[in-house]
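A short worksheet on the structure shown next.
The values are calculated or read from the model by the stated rules, or taken from the named source; none is laboratory data. These figures come from a predicted structure and were not determined experimentally. FYI the Cβ positions are ideal-geometry reconstructions off the backbone, even for glycines, and counts take in every protein chain you see. The accessibility values were calculated without ligands, DNA or RNA, using every heavy atom of the protein model including side chains. Shrake-Rupley method; radii C 1.70, N 1.55, O 1.52, S 1.80 Å.
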Amino acid sequence: MITPIPHPLLEQLRQICGPANVLTHDDPTTDLSPWEQDWRKRVRGRALAVVRPGDTAQVAAVVKACAASGTPIVPQGGNTGLVVGGVPNGSGTQIVLSLSRMNAVRAIDPANLTITVEAGCVLQNLQAAAEAAGFLFPLSLGAEGSCTIGGNLGTNAGGTQVVRYGNTRELCLGLEVVTAQGEVWQGLSGLRKDNTGYDLRNLMIGSEGTLGIITAATMKLYPQPAAQLTAWAAVPSMEAAVKLLGLAHQRLGPGLTGFEVMGQFALSLVDKHYPQLRVPLWQETPWCVLLENSDSESESHARGQFEALLEAALELGCVTDAVVAENLTQAKGLWHIRESITMAQATEGLNIKHDISIPVSRIPDFVAETDALLAQNVPGVRMVDFGHLGDGNLHYNVQAPEGADGPTFLREFEDKVNTLVFDQVKRFGGSISAEHGVGEQKVHKLPHYKDPTALAMMRAVKQALDPQNILNPGRVLE
Ligand code: FAD
Ligand code: 2HG
Ligand code: ZN
């Protein structure tokens, strides 16, 4: 039995959540690394405690206690974030507020097409609950087995269905939020229309835990499609991929639910690290595209439409070869290849990530110009390009040259590469973060790339809602 060192705030937190739900370094047998280490293993923080409340009232009481002692709070869901936004800093003075115990599905309203869940609900469980009720919850991303809806809302996550259903923000109809003062905002309306003043829901979404703690959400449900087909196409250039996207919009209309592009080197990494996944066509083409067609009529209607699209694309020369999945298992296999790029890249070694957006029409020129600039500035650079081309969102990632030492590469090149890429993004009218957020990683860059008036309004909002700066300090805003 270990007697914890007396600490007035920790005593209070133990009373609120129960001693088993306040984890500290006092107990040398408790490993806090799952909460302190970021997913990319870029930063290892040190928490004063990891606190795991069981309901909204406990979250509110924890925040009140922290506010009274001026203790910073870092909200955390599945800790899959990619920009160092959900782990504590190294000071040992911040608490991690993990929502993982608050994972219930509170209600499904079939007529209103909504589901209300607690923030710690894992995305895959939310998808499964929707499916069990006969509906589709379309948010889908590689981390869905461990990320939570609270984290998805906190980052306004995108994923692979945005081209049809929008980002997490577009899927949300209401929130329950604990404010920086420990008050509870009951905003789980489920209303599709509400013009009674400022849109606080949309302000909270994407605020990365800096304005409030999301404890529950009402999300939109959709009918299940009658059929879903997936195709993998070899395309000769990024221009051809953009042309194929236009054609797919024209031919499939709202049936186009996924349009992902993958560069040859990105796919070579999947082939190298996961040979069992059998990546199709990658050796014969610089780019592959994964397309999904969701049809409300029937499988044969979907197949007819899809084949006509691919035939037209072959004739126009924007596709050189293609395979259409014969069944759901094959389709899942193709999606699994796409979702494995992040892991394959991590296995290959340290890298520099960019999740940028550019108007789709300008992406080919952006890639050609920026690739050339990087090749001039970083000898032997290897580009891991892939992403959600349907949304104009590229994961324009930079891998160290073959055989280079990862940490040395990052020390020497990370800032230079970020500046080069972000300057190009600005020149092309894009955003330096399309989906992963700002976190700690891009916080120093934001003032250079965000409109100064917008940044001033953001600071004013933060000051108004969290004047003590206790909610995730140092993230989003310096
Ligand atoms: P965490 O990592 O725990 O937190 C993320 C941020 O949200 C932090 O700032 C945190 O403080 C805040 N937060 C967490 N919970 C709450 C809450 N309840 N209230 C307020 N703030 C909160 N992102 C995409 O957009 N698209 C993708 O396709 C995508 N694919 C991914 C694939 C992989 C393999 C991985 C590892 C990550 C991927 N991500 C993607 C990044 C990541 O943003 C998402 O995985 C997810 O949205 C994070 O959810 P989480 O529960 O893990 O949040
Ligand atoms: C994806 O689209 C994620 O797979 C992760 O956003 C992107 O690894 C990345 O850079
Ligand atoms: Zn992505």
Could you report the chain's accessible area per residue, 1.4 Å probe, as an integer in Å²? 42 Å²
Cα lying deepest toward the dipole's positive end in the stretch 168-228, options Gly197, Leu175, Pro225, charges on Cβ: Pro225
Whole-percent carbon and sulfur contribution to the accessible surface of the chain (1.4 Å, no ligands, DNA or RNA) stands at 53 percent
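Could you work out how much longer the chain between Gln124 and Val43 gets when fully extended? Use 0.36 nm per residue separation minus the Cα distance between them, nm to one decimal.
Details: separation 81, 0.36 × 81 = 29.16 nm, distance 2.66 nm.
The Gln124-Val43 span can extend by a further 26.5 nm.
Give the longest segment of the chain that steers clear of trypsin sites (Lys or Arg not before Pro) in DSSP loops with at most 11 neighbouring Cβ atoms within 10 Å, not counting the sites themselves.
Details: sites that count: Lys41, Arg192, Lys193, Arg278.
Longest gap between qualifying sites, sites excluded: 279-478.
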Given a Förster radius of 30 Å and the C-beta distance between Asp365 and Met343 as r, what FRET efficiency does 1/(1 + (r/R0)^6) yield to the nearest 0.05? 0.50
Ratio for the stretch 343-478, C-alpha Rg to 2.2 N^0.38 Å, reads 1.14
With label points built 7 Å along Cα→Cβ from the Cα atoms of Asp31 and Thr408, find their separation and express it in nm. 3.1 nm
Using a basic spin-label model with each label point 7 Å from the Cα along Cα→Cβ, how many nm lie between Gln276 and Arg459? 5.3 nm
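Computed over the Cα atoms, what is the radius of gyration of the chain divided by 2.2 N^0.38 Å, N being its residue count? Don't skip to the end; give the middle numbers.
Details: Rg = 22.9 Å, N = 478, 2.2 N^0.38 = 22.9 Å.
The reported ratio for this selection is 1.00.
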Out-of-range pairs (alpha-carbon distance over 32 Å; input Lys193/Lys353; Lys243/Lys450; Lys193/Lys450; Lys243/Lys353; Lys272/Lys445): Lys193/Lys353; Lys272/Lys445
Centroid-to-centroid separation of the stretch 401-441 and the stretch 199-256 [C-alpha atoms, Å]: 25 Å
Using DSSP to call loops (not H, G, I, E or B), can you name the GluC sites (Glu not before Pro) in the stretch 374-477 whose Cβ has at most 15 other Cβ atoms within 10 angstrom? Glu402
